[in-house]
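For reference, the structure is listed below as structure tokens.
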Amino acid sequence: MSFPRATGILLHPTSLPSRGGIGDFGPAAYEFVEFLAAARQGLWQVLPLGPLGYGNSPYSSTSAFAGNPLLISLERLADHGWIDPTRISNLPDHVGLVDYEEVRASKVPLLIEAACNFLNFLKGASGAYRQRFDRFRKENSWWLEDFVLFDVLRDLYRKDSWNQWPRELAQREPAALAKARAELGHKLDVGRVIQFAFWEQWHALRRHCALRSIRVAGDIAIFVNYDSADVWGHPDLFRLNGDLDCEVVSGVPPDAFSETGQRWGNPLYRWDAMQERGYQWWIQRMRWATQTCDYIRLDHFRGFEQFWEIPASQPTAVHGHWVDGPKGHIFEKLSEALGGLPFFAEDLGYITPEVDALREHLGIPGMAVLQFGFGNPGAHIYLPHRLTPNRVIYTGTHDNDTTLGWWTSCAREQERGHIQAYLGPINQEGIHWAFIRAAQGSVADLSIVPLQDVLGLGSEARMNTPSRPDNNWRWRCAPGALTREHAEKLAVLAEVCDRLPQPCPVPADEDFAA
């Protein structure tokens, strides 16, 4: 589908300057939305919002449907009476890099306390809160019940993955599951309430965005984490062996950036089984995504056409091979079930003509990244003069260095020369504003800029380095960094580039419980 011409900011909620060591859906998020509105930005792009798994990566989640509890605002829970404000008064105010272990140690017990308070409040209650919680449980039981049991068992056994649990639980024997649900009933209730709080706060924040004509772009990773409720709950949909280990895993082949490729390690789908069931799991996943966000970025889109299959026994991606994916058939089923598909495709890297043909046949816009556009003549496809409207242009993405960091330490002399020939001499505004202006002035329907580039930050603000297994996803915006001058500068640019926000559907006015 095509998108109305717009511009927006890429910022994951964990990077907000909230109290408590990590960004969340609290006051700082609402302040950021007000900044977007003042800057005439019509889009806020986030990364996946699921509970974190390996490496604290949002792309390695323990569920394709659940929300990350660390994004719940304790301040908003206190405002709604879930927890005494004095209990959160000692949350740290300083904003530095996220220390995930420290955040979990301080925040999770308070979330559990708040959930227990809410459960106590519900005893005998029959008002709006009870109705909202009961409706949430009923409407989401198809993913919620498996997830909360998985999450409690994962914490209980503290194993590397679910296939190391007692065999009867790993194999989901009905009697063992029923026994676990009975014995762990209170913890499961707490898990349900925490998920309820997450989605109440997220929907309230989305409504706040919509009232200001700001659409939210979410992100769907094509693959899921092995250590997830999804694989445990649906092992027959994944390429597992008799011991429930992966037979093959995902990745990408060797290229100019890595001699051994990238071995991501996600289990691969049994696309034949998916097809036999009418792609119901994918329909549920995409329906949930479109109910959660306005637009969806499809990560690693080329995997739907062909994916790199690596034997699980191999330590690198070198000995993998390309295997056909479901191609357009899955999108036909999604379209039949969901109607319009508000997707755009991450189609960076080595892309074959077949991948381009599939994307164009489906009418899904692709991506262009300015940082990639000056390396050689083949990279010019990412430059404004080569684009078409059905594109989403970025200065850089969460996987890139910041534009200033790249210019300072990564750009080659030839690239610098080509950039200055294309954009003119880089003035006192810096390379980041030269890139922002080029992106905004392009014909691409959507132009998205990481907040780090708006602020002109260097490599210290990089969000993720793909080849580095840890110490990623930690950057946070400093309080007060976003000024009126930033907003005014972006607003004028949005106006002159015909990217002013367009009204969008606003969810019903509801008295959110959290």
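What follows is calculated from the coordinates using simple rules that are stated; it is not laboratory data. Just so it is clear, the model here is predicted, and its values are computed rather than measured. Glycine gets a Cβ as well: all are built from the backbone with ideal geometry, and neighbour counts include every protein chain shown.
If we count every other residue with Cβ under 13 angstrom of A176's Cβ, Lys/Arg +1 and Asp/Glu -1, where does the sum land? Around A176, the charge tally is +1.
Residue separation of R437 and M1 scaled by 0.36 nm, minus their Cα-Cα distance, works out to 154.4 nm of gained length. Which net charge results for the neighbourhood of A438, defined as the other residues with beta-carbon distances under 14 angstrom from its beta-carbon, given Lys and Arg at +1 and Asp and Glu at -1? Here the count lands on +2.
Between the amide H of R215 and those of L43, W44, distances stay under 5 Å, these residues lying 5 or more places away or on another chain, with hydrogens modeled in the peptide plane. Compared with the direct C-alpha span, the chain from C410 to D245 gains 55.4 nm at full extension, assuming 0.36 nm per residue. A simple charge model with +1 on the Cβ of Lys and Arg, -1 on the Cβ of Asp and Glu and nothing else charged puts the dipole of the chain at about 740 debye relative to its Cα centre. Phi angles of segment 306-319 translate, via the Karplus equation with coefficients 6.51, -1.76, 1.60 and θ = phi - 60°, into HN-Hα couplings of 8, 10, 8, 9, 10, x, 4, 6, 7, x, 10, 8, 4, 9 Hz per residue; Gly and Pro are given as x. Summary value for segment 252-327: 38 percent relative contact order, contacts being C-alpha pairs under 8 angstrom separated by 6+ residues. Site pair S467 and A508 shows an inter-label distance of 5.3 nm when each label is modelled 7 Å from Cα along Cα→Cβ. Candidates F223, L184, V249 compared by Cα position along the dipole of segment 126-277: farthest toward the positive end lies L184, with charges placed on Cβ. Only helices enter this figure: runs of n ≥ 4 DSSP H residues, each worth -39500 (n - 2.57), summed and divided by the residues of the chain, yield -12000 deg cm²/dmol at 222 nm to the nearest 500. Membrane-span-like helices of the chain, defined as complete DSSP H segments with a Cα extent of 20 Å or more along the helix axis and a mean Kyte hydropathy of at least -0.5, are identified as 100-122, 185-211.
Taking a straight line from the alpha carbon of K138, these lysines sit under 19 Å away, with near neighbours fewer than eight places off in the same chain left out: K123, K187. Between L91 and A481, what FRET efficiency follows from the Cβ-Cβ distance if R0 is 25 Å, with the result rounded to 0.05? The value I calculate is 0.80. Extension gain, E101 to Y350: 0.36 nm times the residue separation minus the Cα-Cα distance gives 86.0 nm.
Dividing the mean sequence gap of close Cα pairs (under 8 Å, 6+ apart) by how many residues segment 121-225 holds gives a relative contact order of 23 percent. Dipole magnitude for segment 424-512: computed about the Cα centre from +1 point charges on Lys and Arg Cβ and -1 point charges on Asp and Glu Cβ, it is near 480 debye. Using Cα pairs under 8 angstrom and six or more residues apart, how large is the relative contact order of the chain, in percent? Relative contact order comes out at 22 percent.
Around L268, with a cut-off of 9 angstrom between Cβ atoms, what is the net charge of the other residues, counting Lys and Arg +1 and Asp and Glu -1?
Around L268, the charge tally is 0.
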